[in-house]
Amino acid sequence: MSTLELLVFLPLLAAIAVGVGAPARFTALGASVLVLLFAVYCAINFNASQEGGMQFASSRALLEMPGFPKLSLAFGLDGISLVLVLLSGLVLVAAVFLAPEESEIRGSSRLYYLSLLLIGGGAIGAFAATDLFFLYAFHELALIPTFLMIGIFGHGEGRVRTAWTITIFLGVGSLVLLVGLILAVGALGGTTFDVASLTALAKGSPIGESTQGWIFLLLFLGFGILVSLFPFHSWAAPAYAEAPAPVAMLHAGVLKKFGLYGLIRIAMPLAPAGADKWLNLVLVLLLGNILYIGLVTIAQKRLDRMLGYSSVMHMGYAFLGIAAGNVIGVSGAVLLMFAHGLSIALLFGLAGWMRDRFGFLDIDKFGGIAKPLPRLGLLFGFAAFASIGLPGFANFAAEVEIFFGAFSGEESSMSWIRWATIGALWGVVISAVYMLRAYRSIFMGPKPDKLVAPADLSWAARLSFLLLLVALLAVGFAPELLNQFIRPAVNGLFTAMAG
């Protein structure tokens, strides 16, 4: 078994071990740490100068039948998928560290930790798979425990309804996506599920422009629903607000990036003419994410809902980088996927810690807790600054790349994407308003007399949060740590595309 196969299957094997009786928390912690170490090993031994092609590749043929696409259990990493696997490892470790002790979990602690491992393992498998069938299957594997965790271990009386809502929304998105994938494979001859082979076929014998338009639209809508694209976003904020904190960290931080990854890896290379045809629609919807959802975020009264809508809002910037259709913009989108994944996981983890200790997350019920809880106040401040794109954090570097990419080009006139970029810049102001206002209301000013502050963050919680914060700062001060992997992969992707 190759290194990458070990990385993919380790959390899944650990989940099986927990299910059959292994110590739940110990097994999950051990597996998540090993996953992160394997991911770091892959990064250290990755050839950053290689443009295109997969490294650490492995393939095992499973099905070769006349009239049916060749099916292989195949994995590989380029710079894009490597960065997302690193993100998955970091957030998985932090989420498992932050998870409650087995004795504190109401219900089955085995199901709790088993589900966390399946979510993390499914996300890693989806990012590492180079066969279209397994890329889709691993993502679906991660969705099932997400639904269960919200319905069984979630917060609030409406958690079951929320679990059904997210099941319906993401189920519909997955079905639309599946139809688009089937049409794309069929239009390219229906002989293989291998992503690289499909991309080569699309370049050598491009799909007709009309067919490309329908394929891209279906893929865009399918992936978009999974990313909480406006106006298909209403599932996201309630789901994150009522999910256990580790689940919100994994889904908002990692799994939601699958839709953006799919647009870059599949939709754009297979249907570039379709992407060009629907560009204006993409711009309108991403502005809905940034501006409309940004204003909705300002109106929120609960911290968890505010963070949920904030996560939806920031996906608009990633869509803008992809819509730019050039190396700078797409590279910025990938870097933002990493940065946003860490910052939103950090924020949801801190909010979950607060909910467990205070019993509520209504912003107007807090006040002045930075004095009795200085460590919490400091870490939340850093996380808030990262989220709004303060210089020094990875989010800032990513957003600057996206804006430069969206404004690049030789034409002197103001194209639609440039107007959209100007509109998107106002989102930076909006995010600063809601995040700084919330921080002031919660941590500054006088503390209400009835508010009893608990003990400050424990060492285990601090380690979990510091892991994410240090990664945000390291990439923020030195974006080349990841751009050295991302840029050649994006260059290779554009070279392999049909247009």
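The values are calculated or read from the model by the stated rules, or taken from the named source; none is laboratory data. What you are looking at is a predicted structure, and each value in this text was computed from that prediction instead of being measured. A quick note on method: Cβ atoms are made from the backbone with ideal geometry, for glycine too, and the neighbour counts reach across all protein chains shown.
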- [ ] Would you confirm whether any residue within the range 39-46 is in a loop (DSSP other than H, G, I, E, B) and farther than 15 Å from Gly89 by Cα?
- [x] yes
Task: Residue count, the range 31-63 (criterion: over 21 Å from the mean Cα position of the chain (by Cα) and within 26 Å of Pro269 (Cβ to Cβ)) - done: 18
TODO: Collect the residues in the range 193-240 that are crowded, with 20+ Cβ neighbours inside 10 Å and among the polar types (S, T, N, Q), keeping them in residue-number order.
DONE: Thr199, Gln212, Ser228
Task: Among (1) touching a residue at least 24 places away in the same chain (Cβ under 8 Å); (2) under 23 Å from Pro391 (Cα atoms), the one test that Val470 misses - done: (1)
Task: Answer from Ala275, Ala248, Ala271, Ala243 - the residue that is surrounded by 24 or more Cβ atoms within 10 Å (Cβ to Cβ), more than 30 Å from Gly52 (Cβ to Cβ) and either modelled with pLDDT under 90 or more than 19 Å from the chain's Cα centre (by Cα) (or both) - done: Ala243
- [ ] Look through Leu77, Leu98, Leu84, Leu37 and report the one residue that is more than 21 Å from Val195 (Cα to Cα) and either of a type in the set (D, E, K, R) or in contact (Cβ under 8 Å) with a residue 60 or more places away in the chain (or both).
- [x] Leu98
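Does Gly349 fit the bill of being modelled with pLDDT of 90 or more, in contact with an Asp or Glu (Cβ under 7 Å, 6 or more places away or on another chain) and part of a helix (DSSP H, G or I)? Steps first, please.
Numbers: modelled with pLDDT of 90 or more: yes; in contact with an Asp or Glu (Cβ under 7 Å, 6 or more places away or on another chain): no; part of a helix (DSSP H, G or I): yes.
So Gly349 does not fit the description; no.
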TODO: Would you be able to say whether some residue in the range 294-303 is over 18 Å from the mean Cα position of the chain (by Cα), of a type in the set (Ser, Thr, Tyr) and modelled with pLDDT of 90 or more?
DONE: yes
Open item on the list: Anything in the range 366-393 that is within 21 Å of Leu451 (Cβ to Cβ), in contact (Cβ under 8 Å) with a residue 60 or more places away in the chain and under 28 Å from the mean Cα position of the chain (by Cα)? List them, or say none.
Closed with: Arg375, Leu376, Gly377, Leu379, Phe380, Gly381
Task: Tally of residues being in contact with a strand residue (DSSP E or B) (Cβ under 7 Å, 6 or more places away or on another chain) and among the polar types (S, T, N, Q) across the range 46-63 - done: 4
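Going by the structure shown, is Phe147 under 30 Å from Thr191 (Cα atoms), assigned to a helix (DSSP H, G or I), of a type outside the set (A, V, I, L, M) and under 23 Å from the mean Cα position of the chain (by Cα)?
no
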Task: Those residues of the range 430-460 which are more than 27 Å from the chain's Cα centre (by Cα), more than 15 Å from Gly377 (Cβ to Cβ) and aliphatic (A, V, I, L, M), in sequence order - done: Val452
- [ ] Find all pairs meeting these conditions: Cβ atoms under 8 angstrom apart; at least six residues apart or on different chains; first residue within the range 351-365 and closer than 19 Å to Gly445 by Cα; second residue modelled with pLDDT under 85.
- [x] Phe358/Leu451; Phe358/Pro454; Lys365/Pro448; Lys365/Leu451
Open item on the list: Quick test for you: out of Gly259, Gly180, pick the one residue that is under 21 Å from Leu320 (Cα atoms), crowded, with 23+ Cβ neighbours inside 10 Å and either in contact with a helix residue (DSSP H, G or I) (Cβ under 7 Å, 6 or more places away or on another chain) or modelled with pLDDT of 90 or more (or both).
Closed with: Gly259
